[in-house]
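These notes concern the structure reproduced below.
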Amino acid sequence: MSASSDLSSASGSTPDAASAAGGAIDRVLDTRGLSCPMPILKAKKALNDLDPGQVLQVLATDPGATKDFEYFCRHTGHRLMESTESGGEYVFLIRRRD
């Protein structure tokens with residue numbers, strides 16, 4: 001997995017709704033078992049329900065989700081704070097744009 005300047009990678013970590021890169025996770029969205037475009041569509045809806053600055057954690061199993069979320073965040077202004085993969089499960093932390 002490659003990381004961009006907006007990403008920090010920590011492999012082998014377990015998703016934890018108590019903290020996200022030093023802050024709170026405001027909502028967890030489980031899209032495991034869904035394939036493109038459903039994880040992105042569900043994340044878009046969940047982000048619209050959050051206040052600016054809040055953090056969404058997305059759980060996914062679609063191997064294409066990493067590139068999809070990088071593209072989605074780059075083009076919508078949301079910040080992809082973290083992207084990790086462990087055992088075929090992907091975890092994304094996305095901060096809603098201001």
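Which ones in region 56-98 are closer than 13 Å to THR31 by Cβ, touching a Cys at 6+ places or on another chain (Cβ under 8 Å) and either of a type in the set (Ser, Thr, Tyr) or assigned to a strand (DSSP E or B) (or both)?
Within region 56-98, just ILE94 meets the criteria.
All but one of (1) in contact with a helix residue (DSSP H, G or I) (Cβ under 9 Å, 6 or more places away or on another chain); (2) at pLDDT 95 or above; (3) crowded, with 17+ Cβ neighbours inside 10 Å hold for LEU34; which doesn't?
(3)
Restricting to region 37-54, name every residue that is surrounded by fewer than 16 Cβ atoms within 10 Å (Cβ to Cβ) and in contact with an Asp or Glu (Cβ under 9 Å, 6 or more places away or on another chain).
PRO37, MET38, ASP51, PRO52, GLY53
Can you confirm whether region 58-70 contains a residue that is more than 13 Å from PRO39 (Cα to Cα) and loosely packed, with under 13 Cβ neighbours inside 10 Å?
Checking region 58-70: not a single residue is more than 13 Å from PRO39 (Cα to Cα) and loosely packed, with under 13 Cβ neighbours inside 10 Å.
How do the pairs read when you match residues in region 29-47 that are of a type in the set (S, T, N, Q) with residues anywhere that are modelled with pLDDT of 95 or more, using Cβ under 7 Å and keeping only pairs 6 or more apart or on different chains?
If the second residue must be modelled with pLDDT of 95 or more, the pairs left are THR31/MET38; THR31/PRO39; THR31/LYS42; THR31/VAL58; THR31/LEU59; THR31/ALA60; SER35/ASP62.
The values are calculated or read from the model by the stated rules, or taken from the named source; none is laboratory data. Since the structure is predicted, the reported quantities are computational estimates derived from the model, not experimental observations. Backbone-built Cβ (ideal geometry, glycine too); neighbour counts: all protein chains shown.
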